[in-house]
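Enquirer: Before anything else, here's the structure in question.
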Amino acid sequence: MSIDWAEVYRTTFADLVRFLYRKVWDADRAQDLAQEAFVRALGSSGREPDSARAWLFTIAANLARDEARTAVRRRRHLTLLRSEANDPPAARDDPAAELEERERHEAVRRALESLSERDRDALLLWDAGFDYPEIARQTGLSPTSIGTTLARARRRLVEAHAALEAEHHAARR
């Protein structure tokens, strides 16, 4: 049975971009990486995967990992300000609201980054609509451990976010 790539694109692209955005924290780069994942999937020869969606997320995760390694190398060689790490919210008439949204966005980003790669991947895959067996295949975890892994990852995310919020409020005093 041949994969209908147009249908896979329509049903998967937005989830793939959201998944990648939470890995690279740059909306444009996430879209570029999602497109690259499709290009690589379409350009590969050989046996078709059992699940095109899962295969695309695997390709995308590898692209994001490569992107992160490249960014680390770049930072080692350059001493530039990290303004590119902030994906500023859309401009508004209320600068205070914009600042508050930017601070919330940064706190969530930092909380996600504080998680282990396994926890972060499990949460991001779950958020992208994967079911437990799919998450297990993507992460290499046992299918019976996904519920526990997600519960613990959510708890760690909430705790990390709360700690960052407490730091932020303490710094404002």
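Enquirer: Restricting attention to the range 89-150, which GluC sites (Glu not before Pro) occupy a DSSP loop and are surrounded by at most 12 other Cβ atoms within 10 Å?
Expert: Passing sites in the range 89-150 do not exist.
Enquirer: Computed over the Cα atoms, what is the radius of gyration of the range 88-173 divided by 2.2 N^0.38 Å, N being its residue count?
Expert: After normalising by residue count via 2.2 N^0.38 Å, the value is 1.34.
Enquirer: Here is a further query. Which trypsin sites (Lys or Arg not before Pro) in the range 19-62 sit in a loop by DSSP (not H, G, I, E or B) and have at most 13 other Cβ atoms within 10 Å of their own Cβ?
Expert: Here the sparse-neighbourhood loop sites are Arg47.
Every read-out reported here was derived from the displayed coordinates using simple, explicitly stated rules and does not represent laboratory data. Predicted model, so just to flag it, every value in this text is computed and none were measured. Glycine also receives a Cβ, built like all others from the backbone with ideal geometry; neighbour counts cover every protein chain displayed.
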